[in-house]
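Undergrad: Handing you this structure, nothing more for now.
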Amino acid sequence: MATRKPKAVDSLSREEAAEELDRLASEIAAHDRRYHQQDAPVISDAEYDELRKRNAAIEARFPDLTREDSPTGVVGAPPAEGFAKVRHAVPMLSLAKAYTDEDVVEFLERAKRFFEKDADFNIAFTAEPKIDGLSASLRYEKGVFVQGATRGDGTVGEDITANLKTIADIPHRLKGAGWPDVIEIRGEVYMTYAEFQALKERSAAAGGQDYVNPRNTAAGSLRQKDPAVTASRNLKFFAYAWGYTTEDPAPTQFESVQKFAGWGFRISPLMIRAKSVDELIAHYRLIEAQRSTLGYDIDGVVYKVDQLDLQRRWGFVTGEPRWAIAHKFPAEQATTTVRGIDIQVGRTGTLAPVARLDPVSVGGVTVVNVTLHNEDYIEGKDSNGQPIRDGKDIRIGDTVIIQRAGDVIPQIVDVVIEKRPKGAVAYTMPHACPVCGSPATREINEKTGKEDSRRRCTGELICPAQAVEALRHFVSRGAMDIEGLGAENIDLFFNAGLIRTAADIFTLKERRAAVQQALFERREAQAREREAAKGAARKKVLSAEERTYEGLDKLFAAIDARREPELDRFIFALGIRHVGDTTAAVLAKTFSTVEEFIRVGKEAATADDPHTVFPSINGIGDTVVGALTDFFGNERNDAVLDALLEQVTPKPYVVTVSADSVVAGKTVVFTGSLEKMSRSEAKAMAERLGAKVAGSVSAKTDLVVAGPGAGSKLKSATELGIEVIDEDEWLRRAGQGS
Ligand code: IVH
C-alpha cells in the first residue's frame with residue numbers, strides 16, 4: 001500500500017533504465033505543464049527536484065539512453081556551480097558600427113570596392129532590427145535541439161540548454177524538412193516591456209527583488225540554475241543568423257532566415273532585402289519610427305550582404321564580419337545634474353532612492369527624476385555584484401548622462417567624473433526610515449545567503465508610509481477591489497486621520513460628516529488650482545450644488561458590498577510579504593476558511609519550528625512560511641486583523657467542482673499517512689472533483705483512501721465492504737497519476 005519505492009539507479013537494468021527515462025520524461029513534462037501553464041502543481045518542489053535528479057542520475061549511468069526530449073536537456077546534469085563551458089564550433093562575432101548615414105554610405109562603397117564593381121552595380125543587402133538582448137547559439141542535430149549556449153567571449157560560452165528549452169519560441173524539434181544534418185541557429189533572447197513590467201509588479205507585490213531593465217533581466221533569467229525560473233520569465237527569441245552548419249540553408253541571407261521561419265522559429269517581421277543606400281536608410285528610418293511601438297528594445301538596424309558566397313569572399317576582421325554593420329540609433333541621451341537623492345518608502349517598507357535632477361529633455365520628454373533602485377546601484381553594481389556604468393558611483397552634485405531607450409524608463413547611464421564637484425562624498429543610504437525613524441536594514445536572503453540589495457524599514461504598520469501603501473494595496477483591484485476607493489481617496493482619508501488601518505475603511509460611514517468635509521476641501525483646493533492655472537488669483541467659493549457630494553452614498557455602498565470578500569482576495573489584501581495573488585489562492589484553497597488560516601498561522605508563530613505546523617503545501621516555500629510566521633508573530637498585526645474581522649467575513653474558499661470526474665458525488669475518507677500530498681491538499685483535490693470528504697467511515701462512505709499506518713477506519717471500511725484504494729490509485733482516479 002505504501003508508495004512504490006523506486007529501485008536504486010545502480011541496480012537498474014538497461015531495459016528498466018530506458019523505461020524509467022521514458023516514464024520520467026513524460027511525468028516531468030506533465031508536472032511542468034501543471035506548474036507553468038496551469039499554475040496548479042500537484043507535487044512539492046522537493047519531489048519535483050527528486051524526479052529530475054533521478055532522471056539525471058539514470059542518464060549519467062546510461063548516457064546513450066538519454067532521450068532527445070530529455071528534461072535534463074544535456075548529457076549528464078550541469079555542474080551545480082555555474083554552467084558547463086561550450087566551445088563554439090564557429091565563433092560568435094560582434095558587429096562593426098555605423099553612427100551616421102555617411103558611415104552607411106561608406107560601408108556600401110567598401111563593398112563595391114572589394115567586389116570591384118563599378119559605382120552603379122548594386123549588391124543586395126538585408127536590413128533588420130538589432131535586438132537589444134542576449135545572443136544564443138542553438139545546436140540542432142538531425143532536427144533535434146541538442147545544445148544551447150550563450151555567446152560568452154565569442155569563442156567559449158556557457159551551456160544553458162535546459163534554460164533555453166523553456167523558451168516557447170525555441171523549437172525542441174525543427175518543423176518541416178530540408179534542414180542541414182547539423183546547424184547552429186543563432187539569434188537573440190529578449191524580454192518584452194510587458195513581461196518586464198509584469199515581473200516587476202509581481203516581485204514588488206511579493207516584496208521580492210527589483211529589476212533594472214529588460215536586457216539585464218533577460219540575462220539574469222537565462223543564467224538561472226533552476227530552469228523553472230527561466231520558464232516563468234516568458235523570454236522570447238528571434239532567429240537571425242547561424243554558426244556551424246553542414247550545409248548552407250540557402251544561397252542568400254534573406255532566404256536562409258525565411259527558412260528558419262519554416263522550421264518553427266520567429267524571425268523579425270521587419271527584415272527586408274534592398275539594393276541601394278537610399279532604400280537601406282529609408283528602412284532604418286521606418287524602423288526608428290516604429291521603435292517605441294515594438295514592445296521590446298532595439299538599438300539599431302543591421303545590414304548584411306545578402307549573398308552567402310559574397311559574404312565568404314569578403315570575410316572577417318578580428319571578431320567582426322566585414323560584410324555586416326550595425327547602424328545604431330542615436331541614443332536618446334542628455335546631460336544634467338543630480339540635485340539631491342530622495343528616499344521613497346514603499347508598501348513593503350522598501351527604501352527606494354530617487355535622484356532629483358535639473359529638468360532636462362530626453363527624447364522629447366522632460367525628466368525631473370530617475371530611480372536609483374538601491375544602494376548597490378548607486379555604488380555602481382547590479383544585483384549580481386557586476387559593475388554598471390563602469391563601476392562609477394552616483395553622488396549629489398554629479399553631472400550625469402540620462403538615457404531613454406525606446407519607451408523604457410529613463411536611467412543614468414554614465415557619470416562625468418571630471419565634473420564631480422570637489423568635496424562630493426559617496427552617498428550612504430539612511431539606516432533609519434525617513435518617514436517613521438524605525439531602523440532600515442538589509443535582510444539576508446535565507447535561500448541564497450546573500451544580502452538583499454534593498455534596505456527596508458522595519459516599522460511596518462507604525463510607519464505611515466507603509467500603512468498608507470498597505471491601505472492602497474488593500475483596496476486595489478486584485479485585492480478587496482473597492483470601487484471608488486482608489487489610491488487618491490485612501491491618501492486623502494489617511495492624511496485627514498479618518499483611516500489608519502483596513503478596519504477603519506468599514507467604519508468610515510460613521511464619520512460621514514468628516515469624510516464629506518475632507519472631500520469638499522479637496523474639491524475646493526482643486527478648484528483653486530484650476531483658477532490659479534487660468535491666471536485668476538481670486539478665490540473661488542463653491543456653490544451649494546457643488547458642495548453636495550452624491551458620490552458619498554455610492555462609496556459607502558461599495559464598501560459595504562465588500563464585507564464578504566472571497567478568502568483568496570482577503571489573504572492577498574492583507575499585504576503579507578511574499579504573498580502575491582497566486583500564493584494567496586493556494587493558501588485559501590489549503591485552509592478553506594479564514595479561521596483555519598489564522599489558527600495555523602498563529603500556531604506556527606509560536607512553534608519552535610513553523611515547518612512542523614504548516615502542512616507542506618505545493619507552491620509554498622520557506623520564504624512564504626517565514627513571512628507568514630513573521631506576520632502572525634507580530635502583535636500589531638493581531639490587533640489589525642482582529643479589528644478587521646469585526647467588520648468583514650471572508651467567504652470560505654469554494655472550489656470549482658468538475659461534475660464529470662469518476663469520484664464526483666462520492667463520499668471519500670482519507671486515512672493513514674499520505675506521502676504525495678498533504679491532507680488539506682487531498683481534501684481540496686477531492687472537493688474540486690466533486691467528492692465529499694468525510695472524517696469517519698460509515699455506511700454512507702463510498703471510498704476509503706488508505707495510506708501507511710491506517711488503523712480503525714481501514715478496519716471498518718473492510719468490514720462494511722467499502723472499496724479501499726491507495727494514494728497512487730487515488731491520484732490516478734483524480735486524473736493525476738501516471
Ligand atoms: S548578426 C555575424 N543580427 O548584436 C553577425 N546580430 O553587435 C552576427 N544582434 O552579438 C550577428 N540583433 O547579440 C545580428 N539582427 C541581428 C541582431 C544581432 C541583435 C546582436 C547580437 C550580436 C551583437 C553584435
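The values are calculated or read from the model by the stated rules, or taken from the named source; none is laboratory data. Here the structure is a predicted model, which means the values were calculated and not measured. Cβ sites come from the backbone with ideal geometry, for glycine too, and all protein chains shown count toward neighbours. Keep in mind that these areas ignore ligands, DNA and RNA; they rest on the heavy atoms of the full protein, side chains included. Shrake-Rupley method; radii C 1.70, N 1.55, O 1.52, S 1.80 Å.
Undergrad: Conditions: (1) free of Cβ contacts under 8 Å to residues at least 40 places away in the same chain; (2) assigned to a loop (DSSP other than H, G, I, E, B); (3) closer than 27 Å to GLY295 by Cβ. VAL368 meets all but one. Number of the miss?
TA: (2)
Undergrad: Can you tell me which residue is surrounded by the fewest Cβ atoms within 10 Å (Cβ to Cβ) among those in region 464-498 that are more than 16 Å from GLY575 (Cβ to Cβ) and small (Gly, Ala, Ser)? Walk me through it before giving the result.
TA: Our first condition is that a residue be more than 16 Å from GLY575 (Cβ to Cβ); within region 464-498, this holds for 483-484, 486, 488-489, 491-493, 495-498.
Next, from what is left, pick out any that are small (Gly, Ala, Ser): 484, 486, 496-497.
On the way: GLY484: 14, GLY486: 13, ALA496: 16, GLY497: 11.
Out of the qualifying residues, it is GLY497.
Undergrad: Follow-up question, since we're still on this one. Out of ARG347, ARG291, which single residue is open to solvent by 20 Å² or more (accessible area, probe 1.4 Å) and part of a helix (DSSP H, G or I)?
TA: Values: ARG347 fails: part of a helix (DSSP H, G or I).
Exactly one residue qualifies, and that residue is ARG291.
Undergrad: Take region 265-288 and flag every residue that is open to solvent by 60 Å² or more (accessible area, probe 1.4 Å) and within 13 Å of the ligand (Cβ to nearest atom).
TA: Within region 265-288, ARG266, PRO269 meet the criteria.
Undergrad: Could you please give the count of residues in region 303-334 that are out of contact with any strand residue (DSSP E or B) (no Cβ under 8 Å at 6 or more places or on another chain) and open to solvent by 70 Å² or more (accessible area, probe 1.4 Å)?
TA: The total comes to 6.
Undergrad: With the requirement that a residue be of a type in the set (Ser, Thr, Tyr), surrounded by 19 or more Cβ atoms within 10 Å (Cβ to Cβ) and within 14 Å of the ligand (Cβ to nearest atom), what does region 118-161 give you? Even if it seems obvious, please write down each step before you answer.
TA: Within region 118-161, the first condition is being of a type in the set (Ser, Thr, Tyr), and the residues that meet it are 126, 135, 137, 140, 150, 155, 161.
From what is left, the residues that are surrounded by 19 or more Cβ atoms within 10 Å (Cβ to Cβ) are 126, 135, 137, 140, 150, 161.
Correct list: THR126, SER135, SER137, THR150.
Each row is one residue, and each column tells you yes or no for (1) open to solvent by less than 70 Å² (accessible area, probe 1.4 Å); (2) of a type in the set (Asp, Glu).
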position: GLU675; (1), (2): no, yes
position: GLY690; (1), (2): yes, no
position: SER696; (1), (2): no, no
position: LYS700; (1), (2): no, no
position: ALA706; (1), (2): yes, no
position: GLY709; (1), (2): no, no
position: SER712; (1), (2): no, no
position: LYS715; (1), (2): no, no
position: LEU720; (1), (2): no, no
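Undergrad: If you don't mind, another one. Answer yes if at least one residue in region 138-157 is closer than 24 Å to PRO251 by Cβ and among the hydroxyl-bearing types (Ser, Thr, Tyr), and no otherwise.
TA: Kept after step one, since they are closer than 24 Å to PRO251 by Cβ, are these residues of region 138-157: 138-143.
Next cut, among the hydroxyl-bearing types (Ser, Thr, Tyr) only: 140.
Checked region 138-157: at least one residue is closer than 24 Å to PRO251 by Cβ and among the hydroxyl-bearing types (Ser, Thr, Tyr).
Undergrad: Additional query: Go through ASP398, ASP393, ASP306 for me and flag whichever is closer than 30 Å to SER256 by Cα, of a type in the set (Asp, Glu) and at pLDDT 95 or above.
TA: Every option except ASP306 fails the conditions.
Undergrad: Let me ask another. Which count do you get for residues in region 612-650 that are outside any helix (DSSP H, G or I), open to solvent by less than 50 Å² (accessible area, probe 1.4 Å), modelled with pLDDT under 90 and under 21 Å from LYS683 (Cα atoms)?
TA: 7
Undergrad: Continuing with the same structure: Taking region 180-209 only, how many residues are closer than 30 Å to ILE444 by Cβ and away from the ligand (no atom under 16 Å from the Cβ)? Full working, then the answer.
TA: The initial filter retains those residues of region 180-209 that are closer than 30 Å to ILE444 by Cβ, namely 191, 195-209.
Then drop every residue that is not away from the ligand (no atom under 16 Å from the Cβ), which leaves 195-209.
Number satisfying all stated conditions: 15.
Undergrad: Name the single residue, out of those in region 8-52 being in a loop (DSSP other than H, G, I, E, B) and either at pLDDT below 80 or β-branched (Val, Ile, Thr) (or both), that is surrounded by the most Cβ atoms within 10 Å (Cβ to Cβ). Reasoning before the result, please.
TA: From region 8-52, those in a loop (DSSP other than H, G, I, E, B) are 8, 12-13, 38-44; that's our starting set.
With either at pLDDT below 80 or β-branched (Val, Ile, Thr) (or both) added as a condition, the list becomes 38-44.
Working: GLN38: 9, ASP39: 11, ALA40: 16, PRO41: 19, VAL42: 21, ILE43: 19, SER44: 19.
So, considering only residues that are in a loop (DSSP other than H, G, I, E, B) and either at pLDDT below 80 or β-branched (Val, Ile, Thr) (or both), the one surrounded by the most Cβ atoms within 10 Å (Cβ to Cβ) is VAL42.
Undergrad: How many residues does region 162-175 contain that are open to solvent by 60 Å² or more (accessible area, probe 1.4 Å) and farther than 19 Å from GLY220 by Cα? First the steps, then the outcome.
TA: From region 162-175, those open to solvent by 60 Å² or more (accessible area, probe 1.4 Å) are 168, 172-173, 175; that's our starting set.
When the remaining residues are screened for being farther than 19 Å from GLY220 by Cα, the result is 172-173, 175.
Number of matching residues: 3.
Undergrad: Now, a different point. I need every pair where a residue in region 260-282 that is without any contact (Cβ under 8 Å) to a residue 60 or more places away in the chain has its Cβ under 7 Å from the Cβ of a residue that is assigned to a helix (DSSP H, G or I) and within 16 Å of the ligand (Cβ to nearest atom), sequence separation at least 6 or different chains.
TA: Within 7 Å, the pairs are ILE267/VAL257; ILE267/PHE260; ILE267/ALA261.
Undergrad: If THR366 satisfies every condition in (1) open to solvent by 40 Å² or more (accessible area, probe 1.4 Å); (2) within 27 Å of GLY207 (Cβ to Cβ); (3) in contact with a Pro (Cβ under 6 Å, 6 or more places away or on another chain) but one, which is the exception?
TA: Unmet for THR366, out of (1) open to solvent by 40 Å² or more (accessible area, probe 1.4 Å); (2) within 27 Å of GLY207 (Cβ to Cβ); (3) in contact with a Pro (Cβ under 6 Å, 6 or more places away or on another chain): (2).
Undergrad: Additional query: Check ARG679 against each of (1) within 23 Å of THR582 (Cβ to Cβ); (2) out of contact with any Pro (no Cβ under 9 Å at 6 or more places or on another chain); (3) touching a residue at least 60 places away in the same chain (Cβ under 8 Å); (4) open to solvent by 30 Å² or more (accessible area, probe 1.4 Å) and name the one condition it does not meet.
TA: Every listed condition holds for ARG679 apart from (2).
Undergrad: Return the only residue of ALA228, ALA219 being touching a helix residue (DSSP H, G or I) at 6+ places or on another chain (Cβ under 9 Å), touching a residue at least 40 places away in the same chain (Cβ under 8 Å) and hydrophobic (A, V, I, L, M, F, W, C).
TA: On the way: ALA219 fails: touching a helix residue (DSSP H, G or I) at 6+ places or on another chain (Cβ under 9 Å).
Answer to the selection: ALA228.
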